[in-house]
Each structure stands twice: as C-alpha cells, then as structure tokens.
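J.: Handing you a structure now.
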Amino acid sequence: MSLSSLRLVSQASFRQCLLAPSILLVSSRRGFKEVQEKKVAVVTGASRGVGYATAKELCNRLSSGHVYCTSRGATDHLDTIIKQEMGQKAPMVEFHHMEVTDITSIIGLRNKIFNKHGQIDILINNAGMYFPPCDDPTEHFCQVEKTLQINYWGLKNVCNAFLPMLSNTARIVNMSSHLGHLSLIPDKDIRRELGDPQLTEQQLDSLVLQYKNHCTAFHDDFRAAGWPRCAYTVSKVAVNAYTRILQRQLEKRGDEYEGVVVNSVHPGSHHSKISQDSPLTAAEAAKSVVNTALLAHPCQHPRGKFIWHDLKIVNWDKGTSLAVGIGMSA
C-alpha cells in the first residue's frame, strides 16, 4: 500500500483547523502565524534535538505565555543557553528538572506551574529512549525495561499527572515515530488487538506487560510469541494506541474535557541512534509538532490521530509500514 493511500486528510484540511478564525492571528517574520492568545506549555525531554527545537518554536509562535522545558539531567546550563538564544522572548521559557519515571518530580513541577498560572494549555510529551536492539537476552531485557518505562509508562505518568490541571481547550501532543506503525508487529493476532479502535487502556497495559514478560532473560521467547525485538517499536505503537484511547476517554467525560485534543506526531527529524533517511532538521521537524499543539478551538479533527511531519494523517493501524515505504529502518 502506498504512502498516499494511508493518509486520510489533506494538508489543507489540517491547516484549516490550525487557522480557524476563533483565534486572533497576526503575521510573523518567520512565515507562520503568531498566536496572540496567552498559552502555558510544557515540553518534556527538551534538552536537545526536536524537543529543544520545539520549545524554541513555541516561543517564536506565541506572542505571550510561558514554556516550561523539562530534562532528567541538570538544567542550569540549558536554561542559560535557551534564554540567550530567545533574546527578547527569554522571559517566556525556562528549564526544570523532571524525570518521567518519578511521579514525585512530575507532581512537583505540575503543582508549581498550576499555582503560578492556574491551568496548562499545551502538553508535549517528547521524553523518550531508544536502544539499538541487542541479541544478548539479559541486555535486551534491560533495554526493553528502560524503553517501556520512559516511552510508554513515563508518558502515561505525565498525562495522568497533568490531566486535572489542563484547560478545557488544551492540546496534548505525544511524540511517536515512523517505527510506530502496527505492521512492524509480526503476529496478526497481536496486531488485531493493538489496532482495535475499542481497545481499553487496561488491555493495552496488559499487552505491553506481556511483551516485557516474553523478553525476560528467563523466557526470551518474544519472537515465538509474535513480538519484535525492537522495544522502541512496541513503545511507539503503544503510544499511538494510547493516544486514541485517551482522546476517547476525554470525550466520554463530557463538557469538562470535550475541547481537549490529543494527537501523536512523527516529527521526521534525524535521530542520532536510528538509521533513517530524513531531510528535516530538528528546527524544521518542530514546526509540525507545534502546529499540532496549536490546533485552534473548536477542533473536530484531527482527534486521537497519528500525524506525519507533513501534517497529513496516517493510518498507523492499517496497511504496510511507512518505515519500509520511505526507506527508514532501525
């Protein structure tokens, strides 16, 4: 199946939602629109690459507001550098230490932001981990454990902590990957379960735990069970599935959350540890992430979707792998 057949919505349709008239926009020097409405944003895993570029792009696209960047490491030097680079908009951005696997650090930052601003408008979950798949059973299990803890369980930690503090028109962007296509899961029954539009969060959690169990050094039978060796693929397929589940959960809550929009994005930038043919720099890739984070209200579509870096929506749960179709591999 061709790439074009997997895409459901045109770029023009996506931009129509992005540029809905409900938000006042003025021209900017960067060729995009500068959003006048004040926004409070959180970008996890923002110490480098597309996360860092996304934080800067948000500052450039917002006329006012605040962008909180997180890193699991030291942040003083990052705070100094990004403020220097942002010039007049330096007061809009700051770095904070936060570890997505440590709920105490997540809640601490969440409360600090909420106490200062009263709500959070944009949550971009970029924190992630990738390991080249290893043949050694013990090392492979360590990779699986670390990858899932950060990419899936850590992302859920952040969402669960911040959800009560979101504005009723908030945008959540979960960073995915070209390796998050369902066709990269070998077993058809597992694919059917993961791709079920009515899959529950509990069922998804159970599948992720099943994969981990099959990858222990004691069992080491993931291949026979129909799973791939690459934990990153499993984590990003799970992120795409969770994105759809979370959107459905929010809509079921009614008026309080019906305006909140959740999508996952493949930014398309080069990853230092993943072999991929990508023409996009981190700064270029950040534009699609920020465009998704700035979808105007009301937004009926896209909701719970997987968005490619060209702003077209991809059926991650159907067809053949985009990774194969455009020369990307891990």
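The values are calculated or read from the model by the stated rules, or taken from the named source; none is laboratory data. Here the structure is a predicted model, which is why all the values come from computation and not from measurement. FYI the Cβ positions are ideal-geometry reconstructions off the backbone, even for glycines, and counts take in every protein chain you see. Ligands, DNA and RNA are excluded from the accessible area calculation, which covers all protein heavy atoms including side chains. Shrake-Rupley method; radii C 1.70, N 1.55, O 1.52, S 1.80 Å.
J.: Given the structure, is Asn125 of a type in the set (S, T, N, Q) and open to solvent by less than 40 Å² (accessible area, probe 1.4 Å)?
T.: Here the answer is yes, as Asn125 does meet what is asked.
J.: Further question: Restricted to region 48-86, and to residues that are within 27 Å of Leu295 (Cβ to Cβ) and touching a Cys at 6+ places or on another chain (Cβ under 8 Å), which residue is most open to solvent (accessible area, probe 1.4 Å)?
T.: Of everything passing the filter in region 48-86, Tyr52 is most open to solvent (accessible area, probe 1.4 Å).
J.: Out of the residues in region 128-157 meeting the condition of being out of contact with any Gly (no Cβ under 7 Å at 6 or more places or on another chain) and of a type in the set (Val, Ile, Thr), tell me which one is most open to solvent (accessible area, probe 1.4 Å).
T.: Thr138
J.: Hey, does region 105-116 have a residue that's among the hydroxyl-bearing types (Ser, Thr, Tyr) and not in a helix (DSSP H, G or I)?
T.: no
J.: If you don't mind, there's one more thing I want to ask. For Lys89, state whether it is open to solvent by 30 Å² or more (accessible area, probe 1.4 Å) and either free of Cβ contacts under 8 Å to residues at least 12 places away in the same chain or in a strand (DSSP E or B) (or both).
T.: Judged against the criteria, Lys89 is not a match.
J.: Going by what's in this entry, would Ile190 be described as in contact with a Pro (Cβ under 9 Å, 6 or more places away or on another chain) and either without any contact (Cβ under 8 Å) to a residue 60 or more places away in the chain or under 22 Å from Ile307 (Cβ atoms) (or both)?
T.: no
J.: Where in region 211-330 are the helices (runs of 4 or more DSSP H), entirely inside, with at least 3 residues that are at pLDDT 95 or above, over 24 Å from Arg192 (Cα atoms) and among the aliphatic types (A, V, I, L, M)?
T.: 282-293
J.: Testing Arg253 on (1) free of Cβ contacts under 8 Å to residues at least 12 places away in the same chain; (2) open to solvent by less than 10 Å² (accessible area, probe 1.4 Å); (3) not hydroxyl-bearing (Ser, Thr, Tyr), one condition comes back false. Which one is that?
T.: Here Arg253 clears every test but (2).
J.: When the residues of region 158-204 are filtered to those that are of a type in the set (S, T, N, Q) and assigned to a helix (DSSP H, G or I), which remaining residue is most open to solvent (accessible area, probe 1.4 Å)?
T.: My answer is Gln202.
J.: Where in region 14-77 are there strands (runs of 3 or more DSSP E), lying wholly inside it, with at least 1 residues that are modelled with pLDDT of 95 or more and closer than 24 Å to Asn157 by Cα?
T.: Because the criterion is at least 1 residues that are modelled with pLDDT of 95 or more and closer than 24 Å to Asn157 by Cα, the strands (runs of 3 or more DSSP E) in region 14-77 that meet it are 39-43, 65-71.
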